[in-house]
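The values are calculated or read from the model by the stated rules, or taken from the named source; none is laboratory data. If you're wondering where the values come from, they're calculated on a predicted model, not measured in any experiment. As a convention, Cβ positions derive from the backbone with ideal geometry for all residues, glycine included, and neighbour counts pool all protein chains shown. Ligands, DNA and RNA are stripped out before the accessible areas are found, and what is left, the full protein with its side chains, is counted by its heavy atoms. Shrake-Rupley method; radii C 1.70, N 1.55, O 1.52, S 1.80 Å.
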Amino acid sequence: MSHQIHAITFDAAGTLFRLAESVGRTYARFGRRFGIETEEAALESGFRAAWKSAPLMHAATDRAPANVREIRWWKSLVDHSFRHAGANRALTGEEFQELFAHYAAAEAWVLYPETLEVLDQLWTRIPLAVLSNFDARFRPIAAGLGIDHYFDPVVLSGEVGFAKPDRAIFEIACTRLELAPEQVLHVGDDAAADWNGARRAGLRVFELDRSHGTLRDLLPLLPEN
């Protein structure tokens with residue numbers, strides 16, 4: 001495999017870093033601040049159900065700007081989570097914006113233990129990029145976590161208007177890398193968005209399953225220089 005790989009694209013959340021606390025806990029804490037009493041567990045299960053059933057973030061038929069689509073998509077998920085938890089009302093637009101902004105802070109996230117070690121070993125050997133269903137909040141998060149300098153380009157669904165598993169976002173990343181899809185290895189933790197999406201677009205795939213491995217398992221696949 002190694003001689004065919006000329007660049008690596010990484011998913012972000014669930015691959016490079018994770019939430020510092022559960023969604024349910026964060027939503028409950030913000031809800032209390034806004035006078036909405038809900039249970040963490042109910043918010044968590046509501047969020048997970050909404051996430052699984054949510055439509056594509058960037059539907060081809062939706063002509064609104066990408067950032068507008070993303071805000072609308074996230075507001076729907078948050079509203080569903082609070083309804084599921086029996087909240088007496090949804091968050092107002094201003095309250096939602098405060099919650100949304102929370103997830104732009106590096107303090108809301110934590111790197112996986114091996115992330116810096118692996119990136120340090122890889123970035124002198126091969127170009128690294130980010131290919132993620134994230135919005136512009138990735139940039140302050142990555143800077144705050146100290147990983148922003150490893151990646152060029154950074155391809156985010158909230159900026160390009162296509163979300164994994166749509167092959168278009170993979171094609172955009174390959175074009176920016178100036179490489180053919182088969183020369184690029186995509187690393188991610190989501191079977192549908194990352195593994196299947198990348199394969200359909202012609203990329204190589206590293207299936208990150210954190211129940212059985214870590215990013216360290218990438219290192220033997222690549223040449224030393």
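Give me the extension gain from E171 to H6: residue separation times 0.36 nm, minus the current Cα-Cα distance, reported in nm with one decimal. Don't jump to the answer; show the numbers that get you there.
Numbers: separation 165, 0.36 × 165 = 59.40 nm, distance 1.52 nm.
Full extension from E171 to H6 adds 57.9 nm.
Calculated FRET efficiency, R200 and S22, Cβ-Cβ r, R0 22 Å, to nearest 0.05? Please list the in-between numbers first.
Details: r = 32 Å, r/R0 = 1.44.
Calculated transfer efficiency: 0.10.
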Counted charge near W195, where neighbours are those whose Cβ lies closer than 13 Å (Asp, Glu -1; Lys, Arg +1): -2
Angle, helix 66-84 long axis vs. longest principal axis of the chain, Cα atoms, 0 to 90°, nearest 10? 50 degrees
Carbon plus sulfur fraction of accessible area for the chain, probe 1.4 Å, in percent: 52 percent
How large is ³J(HN,Hα) for each residue in region 141-148, as worked out from phi by the Karplus curve 6.51 cos²θ - 1.76 cosθ + 1.60 (θ = phi - 60°), to whole Hz, x for Gly and Pro? 5, 4, 5, x, 8, x, 10, 5
Amide H of T9: which non-local residues (sequence gap of 5 or more, or other chain) have their own amide H closer than 5 Å, using H built in the peptide plane? A129, L185, H186, V187
In degrees, nearest 10, the alpha-carbon axis of helix 167-177 is tilted away from the dominant principal axis of the alpha carbons of the chain by 50 degrees
Separation of the R48 and T92 label points, Cα + 7 Å toward Cβ, nm: 3.3 nm
Where N is the number of residues in the chain, Cα Rg divided by 2.2 N^0.38 Å: 1.05
Using protein chains only and a probe of 1.4 angstrom, how many square angstrom of K75 are accessible, to the nearest 10? 50 Å²
Counting only residues 5 or more apart in sequence or on a different chain, those whose built amide H sits under 5 Å from that of A20 are W109, V110
Whole number in Å², please: accessible area per residue of the chain, 1.4 Å probe, ligands, DNA and RNA not counted. 48 Å²
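In a shell of Cβ-Cβ distance under 9 Å around P165, excluding P165 itself, what net charge do Lys and Arg (+1) and Asp and Glu (-1) give? Could the numbers behind the result be given before it?
On the way: positive: K164, R167, R200; negative: D166, D190, D194.
Summing Lys/Arg as +1 and Asp/Glu as -1 gives 0.
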What is the distance, in nm, between label points placed 7 Å from the Cα along the Cα-to-Cβ direction at Q121 and at R63? 5.1 nm
How large is the Kirkwood hydrodynamic radius of region 41-110, in angstrom, based on all distinct alpha carbon pairs? 13.1 Å
Could you work out how far apart the two model spin labels at E182 and E114 are, taking each label as a point 7 Å from the Cα in the direction of the beta carbon, and quote it in nm? 2.9 nm
Can you classify region 122-225 as rounded, prolate or oblate using the Cα gyration tensor, where a ≥ b ≥ c are the square roots of its eigenvalues, rounded means a/c under 1.5, and otherwise it's prolate if a/b beats b/c and oblate if not? rounded
